Amino acid sequence: MGTRPTAINRAKNAYTGEARRLALRSMQQLGQTSLTPDMLSLSGLALCIAGSAIVYFEYRAWWLFIVGSLVFLAGSLLDILDGALARAGGKGTPFGAFLDSTLDRVGEAFMLGAIALVFMRDGQEWAVAAAIAAISGSFLVSYTRARAEVLGLRGDVGLGSRAERVAVICVGLGLASVGGLPWAVVFLAATAWITVGQRILSVRRQLAQGTGASHDPPPRP
């Protein structure tokens with residue numbers, strides 16, 4: 001017997017499913033071209049790194065926060081489009097899926113690292129600590145899902161997944177000029193770690209219910 005989805009998870013599944021459906025429709029024609037999902041993944045990473053660099057130079061002009069946010073958002077949207085292209089054109093490969101999920105973590109780490117450097121330059125040590133907590137929490141959100149799926153379990157519970165983290169980062173950057181960025185990072189860190197806890201408890205509950213492919217422990221990474 002599986003776990004019953006909560007109202008929050010049902011809402012999350014609804015909007016993520018709709019986003020994927022729209023992305024798949026937009027990629028139908030590109031699926032017939034020589035463009036590959038890996039190209040989109042690498043382009044998305046390049047944009048996320050560029051957005052991070054722009055944010056780092058915010059001391060030259062406050063509006064660089066907004067420009068960096070938009071560039072980062074564009075790079076993150078390619079995270080949806082590369083998967084849609086893989087499905088639309090039948091171009092998905094195991095390595096492509098691995099590369100996509102890996103590059104997603106790298107792009108997010110660059111942006112949060114740039115934000116931490118901004119906080120350090122401004123002397124906001126508590127905000128630097130929050131950024132570090134957000135980085136580690138975001139990595140663990142993805143890691144707990146991956147390890148759950150190795151066990152044949154669902155690991156996608158909670159609201160702190162990548163789409164939500166990207167939204168919080170972009171909103172925080174948009175509010176940076178009025179002091180909203182540190183609090184957005186605190187919120188991001190809190191939701192990420194709450195999600196980690198939710199996924200740990202969910203895995204424990206599923207195992208207690210006898211869900212999963214095997215009870216033998218998988219090899220440790």
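What follows draws every value from the coordinates through simple rules; no lab data is involved. Only a predicted model underlies this, so the values are computations on that prediction, with no experimental measurement involved. Note that we place each Cβ from the backbone using ideal geometry, even for glycine, and neighbour counts take in every protein chain shown.
Computed values, structure above
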read-out: Inter-part distance where segment 145-166 and segment 117-131 are each reduced to a Cα centre, Å; value: 28 Å
read-out: In sequence order, calculated HN-Hα J values of segment 171-177 (Karplus, 6.51, -1.76, 1.60; Hz; x Gly/Pro); value: 5, x, 5, x, 9, 4, 5
read-out: At 0.890 mPa s and 25 °C, Stokes D of segment 29-161 from Kirkwood alpha-carbon radius, µm² per second; value: 152 µm²/s
read-out: In sequence order, calculated HN-Hα J values of segment 136-146 (Karplus, 6.51, -1.76, 1.60; Hz; x Gly/Pro); value: 5, x, 5, 5, 5, 4, 5, 5, 5, 5, 4
read-out: Highest-first arrangement of 34-42, 176-184, 201-209, where packing means the average Cβ count within 10 Å; value: 34-42, 176-184, 201-209
read-out: Dipole in debye (nearest 20) - segment 79-215, about Cα centre, beta carbon charges: Lys, Arg +1; Asp, Glu -1; value: 440 debye
read-out: Gain on full stretching of the segment that runs from Leu201 to Leu35 - 0.36 nm per residue minus C-alpha separation; value: 55.7 nm
